[in-house]
Amino acid sequence: MVHETALVVVDMQNSFCHPEGVVGRDFPVHECDSVVHETQQALARARELGVPIVYVYTTYRPDYLDASPTWRKVNAAVAANKAMVEGSWDAEIVAEIAPRPGDHLVVKRGFDGFLHTYLEPTLRYLGARKLLLLGVYTNVCVETTARTAFQLDFEVTVLSDCTGDTSAEEREMSFRAVGRMFATVAPWRDALAELAPTPA
C-alpha cells in the first residue's frame, strides 16, 4: 500500500553534491549528476503516487557544539572549513531536488538519520512501515540509517541509482553489505513500480 511507504532522502546537500561544497571538494560523489538526475525523477514519480517524502539532512551550529566529541575529532577538517553550518548555502539541499510544500524535513547531527532525531516519530505519524532510502554517502549515512531502520522494524529498500559514494567500488561494497541482511537494493523504477495502482 502506498500509504505504508515513505521515501527518505539522506544528505543530498550542496556540501556533498555540489562541486563547490565543502565536503564534496575533497570527497566528490562519483557520477553525482546522474544521482541527482535519477533522484529528480524518483521524487516526481513518488509524488505522483502520493508517497510522502522525508528529507533528512545534516546541519551544525557555527561552533559545532551540537556535534559529538567523536564527530568533531574525526571531522576536524570539515569543521575547520565550516561545512554544513545551519543557514548556509553549504547546508542547503541541492536546488534541483529541493523540498516542496507538504514534504517533511528532519535535521540530524551525525551519520544516523534516526539517532537523536525526529525521523522515527515522523515516519510513525505518516503510517510508514516501508522505506525507500536514497542519498549520500552510501557507505556512511545511507547505510547507517538503513541498518537502524531495519532494527526498528521498517522494511527498507535502498534505491541504487539514486545513491552515491566516492567511487563505484565503495558504493557496490556498501550495497553488498547492507543487502545481506538489512535492505533490498533496487533501482527506483523497480521499487516504485510495485506501488503503482493495478490497472482495472
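The values are calculated or read from the model by the stated rules, or taken from the named source; none is laboratory data. Every value quoted in this text rests on a predicted model; they were computed, and no experiment measured them. Using ideal geometry, Cβ is built from the backbone for each residue, glycine included, and neighbour counts are taken over all protein chains shown. The area values use the complete protein model at the heavy-atom level, side chains included, leaving out ligands, DNA and RNA. Shrake-Rupley method; radii C 1.70, N 1.55, O 1.52, S 1.80 Å.
Computed from the Cα positions only, the extents of segment 99-195 along the three principal axes stand at 35, 32, 27 Å, in decreasing order. With a simple spin-label model that places each label point 7 Å from the Cα along the Cα-to-Cβ direction, the separation between residue 170 and residue 76 comes to 2.1 nm. Computed from the C-beta positions of residue 125 and residue 31, the FRET efficiency with R₀ = 30 Å rounds to 0.30.
Both radii are taken from the alpha-carbon atoms of segment 11-155; with Rh as the Kirkwood radius, Rg/Rh is 0.95. Using the Cβ-Cβ distance between residue 89 and residue 65 with R0 set to 30 Å, the FRET efficiency from 1/(1 + (r/R0)^6) comes to roughly 0.85.
Normalising by residue count, segment 96-149 has a Cα convex hull of 94 Å³ per residue. Need one value: the accessible area of residue 82 in square angstrom, 1.4 angstrom probe, rounded to the nearest 10. Near enough 100 Å² of accessible area. Partners of residue 130 within straight-line reach, counting lysines whose Cα lies under 30 Å from its Cα and excluding those fewer than 8 residues away in the same chain: 108. Within the accessible area of the chain, the carbon and sulfur atoms contribute 55%, probe 1.4 Å, all protein chains present.
Computed with a 1.4 Å probe over protein heavy atoms only, the accessible area of residue 137 comes to about 20 Å². Helix content alone sets the calculated 222 nm mean residue ellipticity of the chain: runs of n ≥ 4 DSSP H residues at -39500 (n - 2.57) each, divided across all residues, give -10000 deg cm²/dmol.
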